[in-house]
Structure formats: structure tokens, C-alpha cells
Amino acid sequence: MTSEEIVSEIKRDYINRLAEVGRRIDGRAFNEYREIVVEKGVISTAEGSARVRIGGTEVVVGVKMDLGEPFPDTPNMGVLTTSAELGPLASPTFEAGPPDEKAIELARVTDRAIRESGAIDLQRLCIEEGNKVWVLFLDIYVLDYDGNMFDAAEYCALAALLNTTVPASRFDMGDDFKLEVERYPISMTFAKIENSIVVDPSLDEDNIADARLTVSIDEENRIRAMQKGLSGGFTVDEVKKIINTAMELAPKIRKKIVEA
């Protein structure tokens, strides 16, 4: 066993012993988020942008828009493309180069929350059916990773969309106009560590988690997307408890993002 593995086992044992008496390593309750800070309009060259911090995790999202052709199977709908970049400056575990599995999963989870909730009505981005539509690029950059980058990315994506102006004048198509955001999905990530389940896992909790579940809730408390990660599992009762907790926490987080 390497020194790194020994340290991990010691930390796992410590975190588990704290959990047994209802405590977390940073003093939070099991259903408590770290401080969430939202800032919109941080990239002047983008159509929309935002920066979000959850504890020590920091994410920036930029939105760019261009004209293009629709997909053949959705000729009357615009195109949403989501990508994520995990640079080595954000964490020693991230490597430079093409997107790896972590980056691809982060982009997919964020995209699913936005797309499945109907946050953006892609039909409204259609200009000429089968020929010309708006293509919306949602680019996620993780600047600092201190656990739970999934929620930080989704909150940042929603904030950036709320900040987006469609650049119609650039293409001689009239005046610019605000992108209409119709739904406000909020994702919440839970980690299972032995027999304990915590929301918004810190880096230490992320590193030793047995299972992870991200639940996206809209403003009508409907489940819009779920993503399960890691090799462990959840019981039916645990999933029900997670969903109930997510529904309780979502309104306050949504208000912070919308009003930022």
C-alpha cells in the first residue's frame, strides 16, 4: 500500500467516525451546502457568462452563439452544445489534453439538466426550418476543484444563460435580444460514504465516496434528470430521502442564482 493510499484510509476512517455522531469534516450538517457565490457577466467577449464558487470549488461558464444548420432529425430546433475543460491548474489530478471521462461526464450531466428541464426552448432558436438555426455553445471551465464540481457547473451554466444576449445584429438580423430562459433547474449532488449520505461533498468526501447521485429539480419540484456515479449503490429509501432533501434545498439556491 502506498503512502497516498494509507493517508486515504486514515482520512476515510476519520470521516466515518465523525459521520457516526452526525458530523462532517468541515463542521457542516449532512444537508448543508458550503457558501455559494454567483457572479454574472464576467467575460466581456462572450454572449453570456458567469462565475460560481461553492466553497473552494470555482467554475466559469461562457456562452457563444453562431448560425448553423439544424440536426436532420430536429429540423425546427436550434442546437445546444455543451463542453467542459478540467485544466491541471484546478487540481493535480487533472491533466492537460483532450477531454477525459471526468470532463465528458461533467458536460453531459450539465447538458442533461438544462436540456431535459426545457430551460431553453430550442424551437425558439430556429430561424428557417431545416436550413438555419442558432447554435448555442455552453463552455464550462473548472478553475479550482475542491469537491462537487457538478453542482457548481450547473449553477454556473444556468447563471450564464440568464446573462445571455442573442447577437442578432452581428448577422444583420435585427436588434440583439435577451435569451429567454423558461425553466430554472437546480442540480444537487449527494455522496454516500459508508452508511452516511451528505449533500455538496467536499474534496475529501468526494475522494472517499462509495456512490454519488445528482438530482435536478425544476421550480415546480419535478425531477428533470438524475445521474448516478461511482461503483456503489443506493437503496430505494435512500433515493427517496435524497429527492426529498433536494426539493427542500432547491428553492433557496434557485433564488440566489436568478437574483445574482
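What the table shows:
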| quantity | calculated |
| --- | --- |
| Within-14-Å neighbourhood charge of C126 [Cβ basis; K, R +1; D, E -1] | -4 |
| C-alpha long axis of helix 3-20 to longest principal axis of the chain, angle in ° | 80 degrees |
| In degrees, nearest ten, helix 149-162 long axis to first principal axis of the chain (Cα) | 20 degrees |
| Point-to-point label distance, R222-I127, nm (Cα→Cβ direction, 7 Å offset) | 3.1 nm |
| E35-T74 FRET efficiency (beta carbon distance; Förster radius 35 Å; 0.05 resolution) | 0.30 |
| Hz values of 3J(HN,Hα) by residue in region 225-241 - Karplus curve (6.51, -1.76, 1.60), Gly and Pro given as x | 6, 9, 9, 9, x, 6, 8, x, x, 10, 7, 4, 5, 5, 5, 4, 5 |
| Cα→Cβ-extended label distance, 7 Å offset, between D175 and L89, nm | 3.9 nm |
| Given [x] 52, 40, 39; [y] 53, 48, 41; [z] 63, 39, 34, the label whose value is Cα extents along the principal axes in Å derived from this model | [z] |
| For region 138-176 versus region 43-107, the gap between their alpha-carbon centres in whole angstrom | 8 Å |
| Computed [θ] at 222 nm, helices only, for the chain once each DSSP H run of length n ≥ 4 contributes -39500 (n - 2.57) | -10000 deg cm²/dmol |
| Segment D210-F137, extension gain: residue separation times 0.36 nm, minus the distance between their alpha carbons | 23.0 nm |
| Those aspartates and glutamates that a straight Cα-Cα span of less than 17 Å connects to K178, excepting residues fewer than 8 apart in one chain | E47, D66, D121, E259 |
| Cβ-Cβ FRET estimate between N16 and E105, R0 fixed at 22 Å, reported to 0.05 | 0.25 |
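No value in this document is a laboratory result; all are computed from the given coordinates. No experiment lies behind these values; they were computed from the predicted model shown. Don't worry about glycine lacking a Cβ; one is built from the backbone with ideal geometry, like all the others, and counts go over all protein chains shown.
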